[in-house]
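Derivation of every value follows stated rules applied to the coordinates shown; laboratory data play no part. Model, not experiment: these values are computed from the prediction. Here Cβ is always computed from backbone atoms with ideal geometry, including for glycine, and neighbour counts include all displayed protein chains.
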Ligand SMILES: [Zn+2]
């Protein structure tokens, strides 16, 4: 087999013939032999590794994993995703550190003992046992997600999330929804927009940004942006059914929630764009874009506690009883408004 390729040594296009060579690499003190496909320059003998072969180091790792029957990084990720767990949650449940799981998913080779632990995490029976014994290391939401996953298939899981959602978020066109029927696609598009344009978006901050975006939009156009309802909660306004909304955003791969530990020792959940975020297609009109830009400029840089404090000073929050839905009519008294 022959092919014309650019020869880096001759610095010209040359005819190359196909060949192969055995390469030895040492992984964990063990010799791994790889048969590497090559192209050989017919003039100077320069060899080029066939592009399609991929990275020889990765290949050697794969060969080592295969020989020792160890899980591949993608398989580890699949087991974790089966339970919709973050790396931090999965690691905590197995009694490992997040950094360790992160390394294994990134291509480091796990020890056999840890391989066994992760592998067992695939079985629902084992997961149910772990949840019963070690569930206390997880957040409430993580526990619920696993319980839902244990109840059924991914489809059943998603529909369970939606059933919960429709029960808790009435689809109405009233002052409670800003006279827009809640639209998940619009809601998702706003979340994706905020996570893309604003550097660090934690859960608390995201809910406040959404509140301001919706209420400011209502103030300037007499209609909310997403139709979401917000309730008065201790940390400020929070979308009704936020857990279901968030589960749906994560299940659809529109966002990825990553647990972070900050310098002050506190932990928080950061919202990052998910692999399918670019699939969101909603055309905001000019007024709506203006609102989003305004929110980004005015509130994007605020810390979660600063934006939380700001929302606590709004009449919308102060004049609503705890856990009650905040009327969009209160948008007229917000401390901020879009300049004409
Ligand atoms: Zn050559």
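Computed quantities for the displayed model
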quantity: Alpha-carbon centroids, segment 53-69 and segment 170-233: separation in whole Å; calculated: 47
quantity: Part-to-part distance (alpha-carbon centres) for segment 77-143 and segment 255-312, which is given in Å; calculated: 28
quantity: Cα-based shape type of segment 73-151, given that a ≥ b ≥ c are square roots of the gyration tensor eigenvalues and the cut on a/c is 1.5; calculated: prolate
quantity: For peptides 130-142, 300-312, 184-196, sequence by mean Cβ density within 10 Å, most packed first; calculated: 184-196, 300-312, 130-142
quantity: FRET efficiency for residue 136 and residue 172, using Cβ-Cβ distance with R0 set to 56 Å, rounded to 0.05; calculated: 0.90
quantity: Pair-distance profile P(r), taking every C-alpha pair of segment 171-333, with 5 angstrom steps and integer %; calculated: 2, 9, 19, 23, 23, 15, 7, 2, 0
quantity: Residue order, fewest to most beta carbons within 10 Å, for 41, 10; calculated: 10, 41
quantity: Cα gyration tensor category, rounded, prolate or oblate, for the chain with a/c compared to 1.5; calculated: prolate
quantity: Calculated FRET efficiency for the pair residue 99/residue 35, C-beta based, R₀ 25 Å, to 0.05; calculated: 0.15
quantity: Sequence-separation-based contact order of the chain, relative, with Cα cut under 8 Å and 6+ spacing, percent; calculated: 13
quantity: Calculated Rg and Dmax of segment 2-54 using C-alpha coordinates, Å; calculated: 13.2, 40
quantity: Degrees separating the helix 56-67 axis from the principal Cα axis of the chain, which is the longest one; calculated: 90
quantity: Segment residue 263-residue 44, length gained on full extension (0.36 nm per residue, minus Cα span); calculated: 73.2 nm
quantity: The chain - mean residue ellipticity at 222 nm from DSSP helices (-39,500 (n - 2.57) per run, n ≥ 4, rounded to 500); calculated: -14000 deg cm²/dmol
quantity: Degrees between helix 203-221 axis and first principal axis of the chain (Cα, 0 to 90, nearest 10); calculated: 50
quantity: Extension reserve of the residue 72-residue 125 stretch, reckoned as 0.36 nm per residue once the Cα distance is removed; calculated: 16.8 nm
quantity: Taking 254, 272 and counting other C-beta atoms within 10 Å, the order from fewest to most; calculated: 272, 254
quantity: Inter-label distance for residue 179 and residue 81, nm, one decimal - labels placed 7 Å from Cα along Cα-to-Cβ; calculated: 4.3
quantity: Distance in nm between pseudo-label sites at residue 10 and residue 283 (7 Å out along the Cβ direction from Cα); calculated: 5.5
quantity: Inter-site label distance for residue 200 and residue 150 at 7 Å from Cα along Cβ, in nm; calculated: 3.5
quantity: Ordering of 205-216, 44-55, 233-244 by burial proxy (mean other Cβ atoms within 10 Å per residue, highest first); calculated: 205-216, 233-244, 44-55
